[in-house]
Amino acid sequence: FNPEWFSYDFSVIDEFFGDKFWADLFEHLSTNEKVAGESISFEEIMTKCKEVLPEKKIKLRKSETAFYNLQNLTTGLQNTIQELCAYRVLMKGFKLKCNNCSSKFWYHIEEVGETVKCKGCLQRFELPIEPCFSYKLNDLIKNNLFQSKSQRDGNLTVIRTLIYLYNQSHMSFEYTPQLNLYTDFSRKPDAEIDILCLVDGMLTIGEAKYNSKGFFENGSKCLNSLVEIAKAIRPDKIILSCCEDQPNKLENAKKSLIRLFKNWEHIPKIETHIMYTPDYFRLGSHKYFWRY
């Protein structure tokens, strides 16, 4: 999960993925099965937002002087969508219907001119007058949220763990993206490190799974690899993190690590962390309402 898409700003990533409305929207764009593509119009985003406003007891007012009115909501959402497009999280395009074969597909704005080449029949058709924008989630982000329509990917958990560690730091924080480790010149890695960072000068490594049961897959391979790596580089701390914790699974993973370190002279501090669940705390903020 490349934080470059958010200008390497951890606070921005945390703000969007900690916000239930935007996190749910990203998941929707990652998993819906519309034939025309996983895109959404501004009107659809507006409708979804109106549906969740009661979660914060926000009622739209007709008065122009009221902060919670339709105009301010429209401006706030437009600004936020523009921000997400600038971060390359959402891509601008159009959902267009071919005049020749009636197929409907999503086209990136750069694919569109006076005429459009249909992705179905490959014939060209005229661009409709005043087409509405439709926004699509960057595939690179989508692929880091889900491995398939029903299977989560752990990469978002990795970046959220780095954000958690960053917020814990007081003086300095340096990190590297996930690393593949090789024991020979083969193309297939033998192991990987999800978390590798320096927090206030303390070397921290770790493993991040969306669901804590993942720590015990393949005979707890990830935990065994983590211990082997730790014995080689001697970190100050190991962190195990997840978004969803099965009963006792995360704590059992920590106990398994302690057993694997038995009689080792340098046992790092072992910490566990469960990601907080996205909520509607930010609903009603400037990400939603904006008044000039």
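The values are calculated or read from the model by the stated rules, or taken from the named source; none is laboratory data. For clarity, every value in this text was computed on a predicted model and none was experimentally measured. Using ideal geometry, Cβ is built from the backbone for each residue, glycine included, and neighbour counts are taken over all protein chains shown. The protein model used for the area step is the full one, side chains on, heavy atoms only, and it has no ligands, DNA or RNA in it. Shrake-Rupley method; radii C 1.70, N 1.55, O 1.52, S 1.80 Å.
Things to note:
- Protection proxy ranking of 266-272, 156-162, by the mean of other Cβ atoms within 10 Å over each peptide's residues and highest first, is 156-162, 266-272.
- Cα gyration tensor shape for region 205-292, rounded if a/c is under 1.5, else prolate or oblate: prolate
- The lysines whose alpha-carbon is closer than 21 Å to the alpha-carbon of LYS262, local same-chain residues fewer than 8 away aside, are LYS221, LYS231, LYS237, LYS249, LYS254.
- Cysteines in the chain that lack a partner Cβ within the 4.7 Å cut-off: CYS49, CYS85, CYS132, CYS197, CYS222, CYS242, CYS243.
- Panel note: the C-alpha atoms of region 143-292, placed on their principal axes, show extents of 62, 40, 36 Å (largest first).
- To the nearest ten degrees, helix 42-52 and the longest principal axis of the Cα atoms of the chain are 60 degrees apart.
- To put it simply, the accessible area of the chain at a 1.4 Å probe is 50 percent carbon and sulfur.
- Projected label points at PHE133 and PHE67, each 7 Å from Cα along the beta carbon direction, are separated by 2.6 nanometres.
- About the Cα centre, charge dipole magnitude for the chain (Lys/Arg +1, Asp/Glu -1 at Cβ), debye: 680 debye
- Qualifying aspartates and glutamates (Cα of each under 13 Å from Cα of LYS57; at least 8 residues distant if same chain): none
- Sorting 198-206, 112-120 by average packing, meaning the other beta carbons within 10 Å per residue, from highest down gives 198-206, 112-120.
- Across the chain, the volume of the C-alpha convex hull divided among the residues equals 181 Å³ per residue.
- Taking the average, over residues, of other Cβ atoms within 10 Å as the packing measure, peptides 42-48, 124-130 rank 42-48, 124-130 from highest down.
- Here the contact order of the chain, divided by its residue count and restricted to Cα pairs under 8 Å and six or more residues apart, works out to 20 percent.
- Per-residue ellipticity at 222 nm from helix content only, as computed over the chain with -39500 (n - 2.57) for each DSSP H run of at least four residues, stands at -10000 deg cm²/dmol.
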